[in-house]
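Notes to accompany the following structure.
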Amino acid sequence: MATKRMLINAVEEEEYRIAVIKDGLLDGFYIESTTAEQKTGNIYKAVVERI
């Protein structure tokens with residue numbers, strides 16, 4: 001049976017960090033900022049002109 005844990009770091013009021021651990025390995029990592037505009041779910045179209 002797989003074990004899943006969620007670790008939440010909320011030391012700073014402006015930023016929350018969440019790590020999802022599955023069977024001892026990192027399965028997901030998320031950062032939530034209360035001061036920055038939310039970018040998740042937005043779609044952008046761009047053209048790379050120079051590298």
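Quick note: the coordinates plus some simple rules give every number you see, no bench work behind them. Not measured: the values here are computed from a predicted model. Virtual Cβ from ideal backbone geometry, glycine too; neighbours counted across all protein chains shown.
For the reader, a short list of remarks on this structure follows.
- The chain: relative contact order as a whole-number percent, Cα under 8 Å and 6+ apart: 26
- The ranking of 16, 30, 44 from fewest to most other beta carbons within 10 Å of each one's beta carbon is 44, 30, 16.
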